[in-house]
Amino acid sequence: MTTRTAPFSPNALPTLFAACVLIALWQALASATADMFVFAGPLAVLGAIAEEGSLLLRSSGITLQSAAIGFFIGNVAAILLAGIALALPRLEQLVSGLALVFFCLPFVATGPILRVIFGVGDGPQITLAALATYYTTYLCLLVGLRATPGSWLDLVRSYGRGRLSELIHVRAMASLPYFIAGLQIGAPAAFLGAMVGEFTGAERGLGVLSIRAMRGLDVEMTWAIATTAAALSAAAFWLFGWLGRCLGAGPPPLLLASRQDGPSVGMTARTGSGLIYLILLILAVLGVWIGLIKGLNLSPFFAKGPQDVWAFLVSDPAAATNRAALFTAFWQTLSLTIPGYLVGLALGAGLAVLLVTQPRLASATLPIAIALRSIPIVTTAPLFVLALGRGAVGTITIVAVMIFFPTLAACLEGMRRTPRPVLDLFSTYAASPWQRLAHAQLPAMAPAFFASARMAVPSALLAATTAEWLATGTGMGSLMALTASTSNYNLLWSAIVVLAVTASLIYALVHILEQRVLHTFASEQLVQ
Amino acid sequence: MAEREASMPPKVVCKGLEKTFHLGGRAVDAVGPLDLTFEAGRTTALVGPSGCGKSTLLRLVAGLEKPSGGVISIGDETPEAVTKAAGLAFAFQDAALLPWLTVRQNVALALKLARRPADRERVDHLIALVGLRHFAETRPAELSGGMRQRAAIARCLVTQPGLLLLDEPFGAVDELTRTRLNAELPTLWQERGTTTLLVTHSIAEAATLSDRVLVFSPRPARITGDFDGARHNPAARPALIEAIASALGAKSGVEPVS
Ligand SMILES: Nc1ncnc2c1ncn2[C@@H]1O[C@H](COP(=O)(O)OP(=O)(O)OP(=O)(O)O)[C@@H](O)[C@H]1O
Ligand SMILES: [Mg+2]
């Protein structure tokens, strides 16, 4: 049986109190920085919402619709992929690798290309929302489908029934909590995807409004839009949580945890099979890439295949110049993304650790951290950059803030799942909070921390490139925006390849690190 | 009508039965080689040191594990054929109740898995027999360990199997409840003369519930003691308990429990 975990105290008063403190802090920050034109306090935001209420409502409806359709498509895709992985275990690694590579596509580049493909309308928004959603649901489902206790499956087999009965009677329900958790994480991501899709030249929606407000340096409106988006995302998060509780699905015991036997993303310690897998994965990616272009009959003017990218970067006479331009921008972006990523992770985990030594504070702040996780920080990027300068600090801050909230929420939640009996054991020995932390809570937090560190890789790149695109005018973000408008699609596709490969590699690196650390410090947390 | 569904208790024969697990290149011999016959309609208790391969033996008989060598026949059939026809039921060491189903749904699930028509009356009858009448609508998380195991036994019996494989069905229960369950539950299947394989850690339980007691060696499981049970013969129990304990102690190096 799964271990019972410390129950979540639904005592709303401390949460309410913490929320008030936070709002007061927000107001204080806004007042203190009033001359920097970055923050709008809660009062100003409320004012803006009241003033532009009907406009915000209409735009929200439009964005919500795209997000919902994309969310639905993304989740159906996730279920199909998980079904394939379950039915054909040999293909699982390959399916996971493909899913990851497509999840790592940089929205800043795919957005404009989708815009050219779809023209006006909500195609790009829906596609990006689906792309932003499917991977987390897929991962959650995979863990859930596998985390089923063996004796439940033996029960089905002892009556002579096969895999289909297993799926219907046991696995489907056993993975429901994981599926719900995937939906909960996916809902805000879908909203963000839809908004970024609207940045690429939609006519209506919250994203369009956001761009306009930013371009006009309308601080209040920008924050009013971000607040609205956050509120809607948080509402979706709670809605799915409530739905899960209605269906009798509690929180899953382990979320997005890794498997013990090697990462699902290539690069296994066994170099031989790792290499074969990597080659297969590259072939599969190329196959899907070419297949999509041919299958959808896309014009070769903007739809570039692998051979075009190869020519552009390697075999063309101008390849050296092309490479120089691309990689200058690439290093620029990476040198801002990685510090921001590390700072965000450190601050998120650090605050979670600080909070958890005060258990009441931790349970009071968890709902708030979850709500803040949903803020589409990216949409406020230009304001940060304007306030902090076009230099490194602005972009690094944006990246860090983007990573900070999901990490904080995941770590708090991970530590909350420290098994009750373990904590009781520490209490019987009158262990100090520090001992508790080192021996029980940090190991419990580790899988959640690493899961969010993995998922944060594409978001960090998204934050950096969006800031560059909309504000700083440097790095890959600006390069991609520029090439989209000058129709230099070879460069754009090359940029996509470089960024997707980079994100996948960093993800795999974090995954290997995760395996090492969990193996040493929290081996019981690895799912078999 | 219930009688029509009931399968006849089969005789179980193991010939040269062996099981070896392979764990990352390391071979673990869990069972055998064993030559064994379990007579139809009799209850056999299996005792042995922890980790000696008792659960593995039951899983082999249930067809949940493939033998590395030898054959098992249940009646004239293979374990796979018997499970396909839902001719046996397995009580797992950890009860294996599905947490999202109520006790009644958990019991009814066995009928569903066995492809039998739903039979609310029979389900409720069995729930009442194991003393959970007032908990039919309860979910497993709200039950005590002993109640869960009683629910699991009701689930085993609902399909009226000819062969029962019980893996420490009273394992998670305190001594007092255990004695009571021992007195009440076995009559439910023993009256019908079901062939029963009962794994237990309790020597007293083995002596009082069975027609025959097999004592196993440490891994790989081989027979080191074969005694007549004292189910119908209370007077023989103390001597039998003594004999089982010394057969266990001598081979396992564990102090016999009195
Ligand atoms: N699936 C498996 N893979 C590898 N080894 C296994 C597997 N199942 C059991 N074993 C090994 O086989 C041996 C016998 O295990 P088994 O569960 O049958 O013991 P047991 O007699 O039921 O013990 P207990 O009384 O503690 O339940 C053990 O050493 C165990 O580690
Ligand atoms: Mg066992």
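The values are calculated or read from the model by the stated rules, or taken from the named source; none is laboratory data. This one's a predicted model, so the numbers in the text were calculated from it and none came from an experiment. Note that we place each Cβ from the backbone using ideal geometry, even for glycine, and neighbour counts take in every protein chain shown. Please note that ligands, DNA and RNA were not included when accessible areas were found on the heavy atoms of the full protein model with its side chains. Shrake-Rupley method; radii C 1.70, N 1.55, O 1.52, S 1.80 Å.
At-a-glance table
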quantity	calculated
Total residues in the range A:90-117, condition among the small types (Gly, Ala, Ser) and open to solvent by 20 Å² or more (accessible area, probe 1.4 Å)	0
Checklist (1) free of Cβ contacts under 8 Å to residues at least 60 places away in the same chain; (2) surrounded by fewer than 24 Cβ atoms within 10 Å (Cβ to Cβ); (3) not hydrophobic (A, V, I, L, M, F, W, C) applied to A:Ser175, failing item	(2)
Search result, residues across the range B:23-43 that are surrounded by fewer than 18 Cβ atoms within 10 Å (Cβ to Cβ) and either among the hydroxyl-bearing types (Ser, Thr, Tyr) or within 8 Å of ligand 1 (Cβ to nearest atom) (or both)	B:Leu23, B:Val28, B:Thr37
Out of B:Ala243, B:Ala235, B:Ala204, sole residue that is open to solvent by 60 Å² or more (accessible area, probe 1.4 Å) and of a type in the set (A, V, I, L, M)	B:Ala235
Any chance A:Ala464 is touching a strand residue (DSSP E or B) at 6+ places or on another chain (Cβ under 8 Å) and open to solvent by less than 50 Å² (accessible area, probe 1.4 Å)	no
Helices (runs of 4 or more DSSP H) contained in the range A:358-417 and holding at least 1 residues aromatic (Phe, Trp, Tyr), within 19 Å of A:Trp469 (Cβ to Cβ) and in contact with a Ser or Thr (Cβ under 7 Å, 6 or more places away or on another chain)	A:381-388
A:Thr148, sole failed condition from (1) within 26 Å of the chain's Cα centre (by Cα); (2) among the β-branched types (Val, Ile, Thr); (3) assigned to a helix (DSSP H, G or I)	(3)
Residue match in the range A:147-166 (condition: touching a Pro at 6+ places or on another chain (Cβ under 8 Å) and either in contact (Cβ under 8 Å) with a residue 12 or more places away in the chain or more than 10 Å from every other protein chain (Cβ to nearest Cβ) (or both))	yes
Residue in the range A:494-505 that is closer than 18 Å to A:Ile403 by Cα and not hydrophobic (A, V, I, L, M, F, W, C) present	yes
Where a residue in the range A:1-27 is away from chain B (no Cβ under 14 Å) and at pLDDT 70 or above and its partner, wherever it lies, is assigned to a helix (DSSP H, G or I) and open to solvent by 70 Å² or more (accessible area, probe 1.4 Å), with Cβ under 9 Å and at least six apart	A:Pro14/A:Arg360; A:Pro14/A:Leu361; A:Ala18/A:Leu361; A:Gln27/A:Leu43
Flag for A:Ala381 being crowded, with 22+ Cβ neighbours inside 10 Å, in contact with a Gly (Cβ under 8 Å, 6 or more places away or on another chain) and assigned by TED's automatic domain parsing to the domain that holds A:Ala456	no
Hits in the range A:481-495 (condition: at pLDDT 85 or above and buried (at least 20 other Cβ atoms within 10 Å of the Cβ))	A:Tyr489, A:Leu491, A:Leu492, A:Trp493, A:Ser494, A:Ala495
Pick from the range B:44-60, criterion away from ligand 2 (no atom under 12 Å from the Cβ) and buried (at least 24 other Cβ atoms within 10 Å of the Cβ), ranking: nearest to B:Asp211 (Cα to Cα)	B:Ala45
A:Phe191 vs. criteria buried (at least 23 other Cβ atoms within 10 Å of the Cβ) and either free of Cβ contacts under 8 Å to residues at least 40 places away in the same chain or over 24 Å from A:Trp238 (Cβ atoms) (or both)	no
Single residue of the range B:157-179 satisfying the filter (crowded, with 17+ Cβ neighbours inside 10 Å and assigned to a helix (DSSP H, G or I)) that is nearest to ligand 2 (Cβ to nearest atom)	B:Arg178
Any helices (runs of 4 or more DSSP H) falling wholly within the range A:49-123 and containing at least 2 residues that are without any contact (Cβ under 8 Å) to a residue 24 or more places away in the chain and over 30 Å from A:Ala329 (Cβ atoms)	A:53-87
Filter result for A:Gly344 (touching a Ser or Thr at 6+ places or on another chain (Cβ under 8 Å) and not aromatic (Phe, Trp, Tyr))	yes
Filter result for A:Arg115 (within 13 Å of chain B (Cβ to nearest Cβ) and not β-branched (Val, Ile, Thr))	no
